[in-house]
1. What about residue 42, is it of a type outside the set (Lys, Arg), touching a strand residue (DSSP E or B) at 6+ places or on another chain (Cβ under 8 Å) and free of Cβ contacts under 8 Å to residues at least 12 places away in the same chain?
2. Kindly provide the set of residues from segment 79-97 that are in contact (Cβ under 8 Å) with a residue 40 or more places away in the chain and not β-branched (Val, Ile, Thr), ordered by number.
3. Exactly one of these conditions fails for residue 47: (1) under 23 Å from residue 122 (Cα atoms); (2) touching a strand residue (DSSP E or B) at 6+ places or on another chain (Cβ under 6 Å); (3) surrounded by 14 or more Cβ atoms within 10 Å (Cβ to Cβ); (4) of a type outside the set (D, E, K, R). Give me its number.
4. Please enumerate the residues belonging to segment 2-44 that are over 19 Å from residue 111 (Cα atoms), open to solvent by 30 Å² or more (accessible area, probe 1.4 Å) and part of a loop (DSSP other than H, G, I, E, B).
Amino acid sequence: MADVSDLKIQEAYLDVRSDKSDTNWLLLDYQSDRSDRLVLTQTGTGGLSELRDALDDSKASFAYARVTYSNDKESQREKFILVVWIGSGCKILRKAKISVHTADVKEVLRVYSIEVAARERDDLKEDPIVGRLRKAGGASYDGI
C-alpha cells in the first residue's frame, strides 16, 4: 500500500481543482527509493509542458493536472487528468508496485476524466490528450 497521508497532497489537489488558483498541476514522488510514502514534490502553473519538464526518468511518479481547451469559439472546458509516470530508468521493484499504488493514489486524487500512462515525455503532449478528453467528454460536434 502506498502512503498518501501527507496533508500537502490534499491541499495541492484542492488548489489544482480551484477556479481561483493558477496552479494547474501537481507532482507526487516517493520519499525515497525504498519508501512507499508519496510526498508532494512540486506544483506549477505552466501546464503540461512544464509538468513534462519536471518528470525524472529515474523515477515513478504520479501527477494530476487541469487541462483547459476550447471546444468552439465561445466556450472553454477544463478537465482533469491523472498521470502515472514510469521513467525509463525506474527500478524494477518500483515498476512492479506502481499498479497497486495507483489504486491508493486514486483515493486521494479522485476526480479526473482520463488516466494517462506515461513512459516518455511525448506521452504528455497536449494535442493527443485534448483529443482523448474530447472523446471522453461525450458531446463532440466537430467530428472527433
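1. Numbers: of a type outside the set (Lys, Arg): yes; touching a strand residue (DSSP E or B) at 6+ places or on another chain (Cβ under 8 Å): yes; free of Cβ contacts under 8 Å to residues at least 12 places away in the same chain: no.
No; evaluated as a whole, the condition is false for this residue.
2. Scanning segment 79-97 gives 79, 80, 91, 94, 97.
3. Single failed check for residue 47: (2).
4. Selection gives 31, 32, 33, 34, 36.
The values are calculated or read from the model by the stated rules, or taken from the named source; none is laboratory data. Small disclaimer: the values here were computed from a predicted structure and weren't measured. All Cβ positions, glycine included, derive from the backbone under ideal geometry; neighbour counts span all protein chains shown. Quick note on the areas: whole protein, heavy atoms, side chains included, nothing else; ligands and nucleic acids left out. Shrake-Rupley method; radii C 1.70, N 1.55, O 1.52, S 1.80 Å.
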